[in-house]
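Take a look at the structure set out below.
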Amino acid sequence: MRFRNILLVHPARTVREMMRSYCYGELDDVRVKEAESAQQAKTLLSEQAFHLVISALELDSMDASGILGVLRQTALNSQTPLLVVSASSDTQKLVRLQEKGIHHIQTIPVSPWDFAHKVNQLCDPRGWRGLRRIQVEGATARLHSPQGDFSTHQSNASLGGVALESTLEGPHPDYFQVHSVTLRFPTGTGEDVIGPLKVRLLQVQLFYGKSDAPEITRTSWAFTSLAQGDKVRLERVFQDISAQWG
């Protein structure tokens, strides 16, 4: 078996233990090394290639953007992805991380399954993310949260989840409060409406135009439960699209 090497960088021993237990409990092909300081991390990164580095937002002598800089300057790990774990869900803090080039963030606490899913998303050298994604021109979605309902556009969808994209010009929800989504697919006679489908947030990405402010947000969601009827309808939509476009 080929193992994936993961480096955990966090000053709190309890957090490192949690992440280590999640890795070993949910993934059977990983080897984990740990660093409690930026200097320890720099030493390990110069000595060994890693498939993924998971870092705290703040370390003793630098923040996560400093670790990103170390990665990009280290021959063995110049292409290694960085996942930042943070207890904060502050939108402004997410924006600042994006501005520093950090695009993968996991808020904690997090379930073992969600943590393992994030690791597999960023560190999948054998291509085991098996569900095919379908792009449907004109497909939209409706996010449901305690704040109300919000319309957005589908980037792609699969039986495992959906990626959505929207501008930041109009109202948008606190994504961490969204509990379900309704999918709308255009058809020759109208549209197929599927949902509401229960979801959990996997990732938030912010994209910038010519201004310094983010203009587009892209979110990734996993279906937490999919009724058999909804699954059959999604499969039918995907089959129709595949037959149309090949």
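The values are calculated or read from the model by the stated rules, or taken from the named source; none is laboratory data. Here the structure is a predicted model, which means the values were calculated and not measured. Cβ coordinates were reconstructed from backbone atoms using ideal geometry, including for glycine residues, and neighbour counts include every protein chain displayed.
Please give the number of the condition Val204 fails out of (1) under 25 Å from Val84 (Cα atoms); (2) hydrophobic (A, V, I, L, M, F, W, C); (3) at pLDDT 85 or above.
Here Val204 clears every test but (3).
From the list Glu17, Glu47, Glu36, Glu26, which residue is among the acidic types (Asp, Glu), closer than 23 Å to Trp221 by Cα and either in contact (Cβ under 8 Å) with a residue 12 or more places away in the chain or out of contact with any Lys or Arg (no Cβ under 7 Å at 6 or more places or on another chain) (or both)? Can you show your working first?
On the way: Glu17 fails: closer than 23 Å to Trp221 by Cα; Glu47 fails: closer than 23 Å to Trp221 by Cα; Glu36 fails: closer than 23 Å to Trp221 by Cα.
Just a single option satisfies the conditions, and that option is Glu26.
Which residue is modelled with the lowest pLDDT, if the candidates are limited to the range 46-61 and must be outside any loop (DSSP other than H, G, I, E, B) and of a type outside the set (A, V, I, L, M, F, W, C)?
Initially, the range 46-61 is screened for residues outside any loop (DSSP other than H, G, I, E, B), giving 46-47, 52-56, 58.
Going one step further and asking which of them are of a type outside the set (A, V, I, L, M, F, W, C), we end up with 46-47, 55, 58.
Details: Ser46: 94, Glu47: 94, Ser55: 95, Glu58: 88.
By that ranking, first place goes to Glu58.
For the range 60-77, state whether one or more residues are surrounded by 17 or more Cβ atoms within 10 Å (Cβ to Cβ), in contact (Cβ under 8 Å) with a residue 60 or more places away in the chain and not hydrophobic (A, V, I, L, M, F, W, C).
No: zero hits.
Kindly indicate which of Val162, Val178, Val119 is within 16 Å of the chain's Cα centre (by Cα), farther than 30 Å from Phe50 by Cα and modelled with pLDDT of 80 or more.
Residue meeting the stated conditions: Val178.
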